[in-house]
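Worksheet: one structure, shown below.
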Amino acid sequence: MENQYRPFFSRKQINALMWFSLLAILILSSLGPKAVEYQNIEHNDAKNIYWMELDGQPLTLTMLLPARPALNENQRQLQQLKAQILQKRLRDNASPAYSFSVTPRQDRIELNLKWAAEQSLPDINNILTALQQPVETSRWQEALKTIEARDYLQNQATEQQIINKFFSSIQHESTPVLSQLAGSFNAQFQQIRYVISGDEADNYAEQLEELLTESTSQVAPLSTPTVAAQDINLTNPSDSQYRILTGGLIPPRNHEEFVAYRLAAQVLQDLFTEYKDQHGLDYRLLWGALNVTGYQAVLLSSKQHLQPLLPQLQQLITDDLVELSQNRLAYQWEERMRDNQNQVQAMNLIAYYDLSPDTLEEYIEQIQDQDIEKVIQLAKQALQTDQHINILLTPTH
């Protein structure tokens, strides 16, 4: 006699399971992403040591070495050369107890030491002693030539030539790099900020504070640059595109209007993204808020004349666009902060620019609280050439 097949679930049970699954999906999707957990940032009284507790994570110590803004080619090469010297000295004095890296930024150099939780703090005094040895300028001539050769190749691109012209217009330093090297290298150790993250970071911060001796050297404050408006006309027989760069200086990172300028830059980004195809545009936005100043420039290229287009683009900056950019910038920040390592990177900025330790949590609210009319004004000003450095390239055929 054949066995009769009997399904494990009845049709009613299957339907019930389907509806239950659908309901569960709807409920879970309505809950949205989990709220971001912002880590606490603490600092010592002198505000030269900052730390963040990350349970069970390896330890990272970042030393933030200050520098004047490295914008023009001269200062960028100086910054790269200093970073190479630091890299070599760390390598020459390396220990298997920690790993290290050196990262040059536009207004600082970051030295990172990383070691396992529960291991001892690296011998910071010995490391600093090795790093601060006098620089023999003649030994670094070949390294500088390599940097210069790499820049020469990159500078063959028309767009890079325009960008270099802009940065040389807002930063005029032209003293030979090797003549600046010794003094600039020594100066970067005068006001170091230290940032520690990882398991029991507070204990390591306390040990570090006991090791460090406070510098008594008087450091001359960096001067805030000023720039006069000017028009610069360039030609390139091999280029068939019309190009215009318009830009200038903006306030530094710790300025009270930083968020308004940052949001205005996002508005410009969203504006060009939305309308570039309609107007046949390629664009690039140069933007940075640094220790003593900031900069902003818009570089546009097209097969048509660009100057008549700028007023048209200004008319497209509306309340709706600003609100869209507010939401996008806030969302991007929230998503970045889901990763604790991004919070650590943000702590580096808080330490270097002397920002509030609550910046991580307050930044989204600051974005949403910006006055829309003010942001519209700043975004439109970025496209107005009368107060800017303007670099125009017109095809010759």
Completion exercise
Working note, the range 42-211: Cα radius of gyration (Å, one decimal) and Dmax (Å, whole number) are 18.0, 52
Fill in the blank from the handout: Length gained, Gln156-Asn254, 0.36 nm per residue minus C-alpha separation, equals 31.7 nm
Problem - P(r) histogram, all alpha-carbon pairs of the range 39-89 included - 10 Å bins from 0, percent - result: 18, 34, 28, 20, 1
Exercise for the section: Return the FRET efficiency for the residue pair Ala149, Glu323: r is the Cβ-Cβ distance, R0 is 45 Å, and the value is rounded to the nearest 0.05. Expected result: 0.40
Problem - Surface/4 estimate of mean projected area, convex hull on alpha-carbon atoms of the range 230-393, nm² - result: 10.5 nm²
Fill in the blank from the handout: Excluding residues fewer than 8 positions from Lys303 in its own chain, the aspartates and glutamates with Cα under 14 Å of it are Asp239, Asp277, Asp282
Practice task
When a/c is below 1.5 the answer is rounded, else prolate if a/b is larger than b/c, else oblate, so apply that to the range 33-134 with a ≥ b ≥ c taken from the square roots of the Cα gyration tensor eigenvalues.
Solution key: oblate
Practice task
Would you mind classifying the range 288-337 by shape? Square roots of the alpha carbon gyration tensor eigenvalues, ordered a ≥ b ≥ c; an a/c under 1.5 is rounded, otherwise it is prolate if a/b is larger than b/c and oblate if not.
Solution key: oblate
Handout entry: Global geometry of the chain, whether rounded, prolate or oblate, following the gyration tensor of its Cα atoms and the 1.5 cut on a/c
Key = oblate
Exercise for the section: Using a 10 Å cut-off on Cβ atoms, rank the peptides 288-295, 348-355 from the highest mean neighbour count down. Expected result: 288-295, 348-355
Exercise for the section: Show the residues, 5+ positions off or on another chain, whose built amide H is closer than 5 Å to the amide H of Arg193. Expected result: Leu64
Exercise for the section: Report the longest stretch of the chain that contains none of the trypsin sites (Lys or Arg not before Pro) sitting in a DSSP loop with at most 15 other Cβ atoms within 10 Å. Expected result: 48-302
Problem - the chain - percent relative contact order, Cα under 8 Å, separation 6 or more - result: 22 percent
Problem - Estimated FRET transfer efficiency (Gln312, Asn342; beta-carbon r; R0 41 Å; 0.05) - result: 0.65
Completion exercise
Restricting to lysines and to Cα separations under 26 Å from Lys374, and discarding same-chain partners fewer than 8 apart, the set is Lys276
Problem - the range 230-393, relative contact order [Cα under 8 Å, separation at least 6], % - result: 42 percent
Problem - For the range 97-166: relative contact order, % (alpha-carbon pairs under 8 angstrom, 6 or more apart) - result: 18 percent
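The numbers here are math on the coordinates, done by the rules we state, and not lab data. Values in this document were obtained by computation on a predicted structure and should not be read as measured data. Reconstructed Cβ throughout: ideal geometry from the backbone, glycine too, with neighbour counts over all protein chains shown.
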